[in-house]
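Only the coordinates and a few stated rules stand behind these numbers; no lab work does. Here the structure is a predicted model, which is why all the values come from computation and not from measurement. Cβ sites come from the backbone with ideal geometry, for glycine too, and all protein chains shown count toward neighbours.
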There are 2 protein chains.
Amino acid sequence: MVNLMETPALLLDEARMARNIERMQRRMDNLGVSFRPHVKTSKCLEVARRQLAAGAHGITVSTLKEAEEFFRAGVDDILYAVAIVPNKLDHALKLMRDGARLTLLVESVAMARQLAAHGAANGVCYPALIEIDTDGHRSGVKPDAPALLEIAAALQGGARLKGVMTHAGASYDLNTPEALAQMAEQERSRCVAAAERLRAAGHACEVVSVGSTPTALSARHLQGVTEVRAGVYVFFDLVMADVGVCTLDDIAISVLCTVIGHQQDKGWVITDGGWMAMSRDLGHQGHGYGQVCDIDGQPIPGLSFGKANQEHGVLQWTGEGDITQVFPVGRSLRVLPNHACATGAQHGQYHVIPQNGGDWTVWQRFSGW
Amino acid sequence: MVNLMETPALLLDEARMARNIERMQRRMDNLGVSFRPHVKTSKCLEVARRQLAAGAHGITVSTLKEAEEFFRAGVDDILYAVAIVPNKLDHALKLMRDGARLTLLVESVAMARQLAAHGAANGVCYPALIEIDTDGHRSGVKPDAPALLEIAAALQGGARLKGVMTHAGASYDLNTPEALAQMAEQERSRCVAAAERLRAAGHACEVVSVGSTPTALSARHLQGVTEVRAGVYVFFDLVMADVGVCTLDDIAISVLCTVIGHQQDKGWVITDGGWMAMSRDLGHQGHGYGQVCDIDGQPIPGLSFGKANQEHGVLQWTGEGDITQVFPVGRSLRVLPNHACATGAQHGQYHVIPQNGGDWTVWQRFSGW
């Protein structure tokens, strides 16, 4: 089937994706929390619809472009999970006026004040979460920082404090169940502590939102949390397999490419899947540009993908046999990605292998800001 | 002007680009060779039109999508510079039947035979170049390999040998004028040797096509060469500055981003320009995700860009002063890319700063296959 497709192309195994969606949603149901998938991974309406149909409430986005596209398609409960800045306020305002139930994120007093002023000047009230830093990996205010209460106090008039949000991205660097469970508990307890501090100061703080794929799949309980966010679980990838929250058999996307030549003396197989098709994301750096598999998705031992140009992949073969016979020009290969979000972003569509069999179909994905 | 733009956004300094185009074209004119720019860097009609208006003959493409888009816009002389494989033949055939003067690339006997058979079966004759390996960095046959004459012999019936082509990509790893001039001479002499061998065997071999930005800018003469190809010169980037063929002042594209927060204790400035806006290309790995500049494009000493998430850039500040005052939330920054082809590919349009002043304008770029 996929042999006739022009390459490189991004394949999506619908059965695997459905299993991943089901696994996460059941886990969230059992933990008694609402689930808000991060659609930055797929940027695809067909994928998000399946996440929502499985029981998710609302979506998380990484750009206002995502907010716009999903809102236009009928998803109105949207958390924009990157701290807002002045040059995006008019865009956010327009989305709200068009009817989107958009929640914004702030992590500084200065921006909380500007947000409130912009809302007041335009006759709207922006619901906002305060970003909490629970693991030191990126942005947000610490649960015990003086700024937490100052930001909350600044969210009045044209803005209102809706809750707190954190993302334990440091979980990507862990790889044992125990360390992941500890990180999940750290993420939960520190975010809940921030919420309790705000409540003690007289703020309602209805939302306590936490999450990353590894912590969502490792938390033992989520007391005090109202919702969890996760993105990459929908497809999984080699980084998540290294973290230990999936196996290679769970990875739902792969890049189909074709052998275009060889350098026999070096043991090189050249393909038409270069970094434009894979992205430059080297993940945890143990898999080169990805894990090379045969057309059925089975890893090929002895074949590694260490070098790439824009439209050329250079695979190293250490196995037996005449390389031009084992990997003849025209042979199809599939490559599992290091990072599903990065590899997906290089493509304008998914070629979907349907879970019920039959011909592949195409789902569009969008990009940009 | 650019302060009002939503970020992240890809900026293009038209004056710098015009200077880069002029520099390369004048050099090619002086060397007495035809110039065929590689449009994989810009994937933008407006850019290619300026390259052609300056004197270029035809274009080089890295995908049939590029061939299609440029042909539709009126550019019909197109070299597809990645070895052709069976699953792309119908697409190539359609382009030729629609009137494109498309030249294909082969580097194996097996594919030369399939190409000729496909052409014969469909009543067309595919013009083809044989890819020559002059530097061992990627694909192609060596000038003295037996395969060279076998491929040429196989190109008959539905295909015909038009010439030879090479790309000395190994030049990207050099950084002295002498080493670059030597690589340019190696690229020239080995490709010309392949052409002469083919001619001695009775083949016409009208085209001898060489090139990479570093070798094109370093060759001392190009005897026997009929055309040169180069791509990244049109924008340049930090890798090219490291190679030594441009300065930072020649780099025509940059990513505009905005400060969204801080981690004061760590000296971190957080921006909305993450790896989605920059790509994951770390270039020669000395510049992190890129060189951070102020809004006027001047590098900011003491500010480095070592860490990125999808929509977050994490900059490290080692300078003086209160970081929240030096880089307040909302401040605009511009980041020069490691690799213009990779960074450009993350964006759907250029925000062009016109060389004659006035408001910025938008040029579209396309992507995919």
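Report Rg(Cα)/(2.2 N^0.38 Å) for the range A:1-101, keeping two decimals.
Scaled against compact globular proteins, the figure is 1.25.
Mind sorting B:LEU4, B:LEU45, A:LEU315 by how few other Cβ atoms lie within 10 Å of their own Cβ, fewest first?
Going from least to most buried by this count: B:LEU4, B:LEU45, A:LEU315.
Which ³J(HN,Hα) values, rounded to whole Hz and listed in residue order, are derived for the range B:133-140 from phi using the Karplus coefficients 6.51, -1.76 and 1.60 in 6.51 cos²θ - 1.76 cosθ + 1.60 with θ = phi - 60°, glycine and proline given as x?
In residue order, the calculated couplings are 8, 9, 9, x, 7, 8, 9, x Hz.
Going down the list A:LYS307/B:LYS307; A:LYS65/B:LYS65; A:LYS40/A:LYS65; A:LYS40/A:LYS88, which pairs span over 20 Å between their C-alpha atoms?
Those over the limit are A:LYS307/B:LYS307; A:LYS65/B:LYS65.
Sort A:ASP76, B:ASP29, B:ASP242 so the one with the fewest other Cβ atoms within 10 Å of its own Cβ comes first.
By the 10 Å Cβ count, ascending: B:ASP29, A:ASP76, B:ASP242.
Between Rg and the Kirkwood Rh of the range A:72-113, both from Cα atoms, what is the Rg to Rh ratio?
0.99
Using only the Cα atoms, what convex hull volume per residue in Å³ does the protein assembly as shown have?
Dividing the Cα hull volume of the protein assembly as shown by its residue count gives 149 Å³.
Just round it to a whole percent: the fraction of Cα-Cα distances in the range A:261-304 exceeding 14 Å.
59 percent
Residue by residue through B:306-315, how many Cβ atoms from other chains fall within 10 Å of the Cβ on average?
Partner-chain Cβ atoms within 10 Å, mean over residues of B:306-315: 4.
Where in chain B are the helices, taken as whole DSSP H runs, whose Cα atoms extend 18 angstrom or more along the long axis and whose Kyte-Doolittle mean reaches at least -1.0?
Qualifying helices, which must be both long enough and hydrophobic enough, are B:109-122, B:177-200.
Please report the net charge: other residues with Cβ closer than 12 Å to the Cβ of A:ALA308, K and R +1, D and E -1.
With Lys, Arg at +1 and Asp, Glu at -1, the net is 0.
Just counting partner chain Cβ atoms within 10 Å, what average do the residues of peptide A:109-115 show around their Cβ?
Whole-number average of other-chain Cβ neighbours for A:109-115 is 2.
Under Stokes-Einstein, with the Kirkwood radius over Cα pairs standing in for Rh, what whole-number D in µm²/s applies to chain B at 4 °C and 1.567 mPa s?
60 µm²/s
What Kirkwood Rh does the range A:234-282 have if only Cα atoms enter the pairwise 1/r average? Answer in Å.
12.8 Å
Once the label point is set 7 Å along the Cα-to-beta-carbon vector, what list of distances in nm do you get between A:GLY297 and its counterparts in the other copies?
Spacings between copies for this position, smallest first, are 4.8 nm.
Could you give me the radius of gyration and the Dmax of the range B:282-357, taking only the C-alpha atoms into account and expressing both in angstrom?
Over the range B:282-357's Cα set, Rg and Dmax evaluate to 13.6, 38 Å.
Nearest beta-carbon of A to the rotation axis carrying it onto B: which residue, how many whole Å?
A:ARG280, 2
Work through the residues other than B:ALA145 whose Cβ is under 12 Å from its Cβ and net out their charges, Lys, Arg +1 and Asp, Glu -1.
-3
Got a sec? How would B:MET5, A:MET240 order by Cβ neighbour count within 10 Å, fewest to most?
B:MET5, A:MET240
Copy-to-copy spacing for A:GLU22, label 7 Å out on the Cα-to-C-beta vector, in nm, shortest first?
6.5
For label points placed 7 Å from Cα toward Cβ, what is the shortest-first list of nm distances from B:TRP363 to its copies?
Spelled out, the distances from B:TRP363's label point are 3.5 nm.
Give me the percent of DSSP beta bridges within chain B that run antiparallel, rounded to the nearest 5.
Of the beta bridges lying entirely in chain B, close to 50 percent run antiparallel.
Give the average, rounded to an integer, of partner chain Cβ atoms located within 10 angstrom of each Cβ in A:252-264.
Mean shielding count: 4.
Could you please report the charge total around A:GLY136, scoring K, R as +1 and D, E as -1 over all other residues with beta-carbon less than 15 angstrom from its beta-carbon?
-3
In vacuum, with every alpha carbon of the range A:140-286 counted as one equal point scatterer, what does the Debye formula give for log10 I(q)/I(0) at q = 0.12, 0.13, 0.14, 0.15 Å⁻¹? Two decimals, please.
-0.65, -0.71, -0.78, -0.84
Could you give the radius of gyration (one decimal) and Dmax (whole number) of the Cα atoms in the range B:16-234, in Å?
16.6, 50
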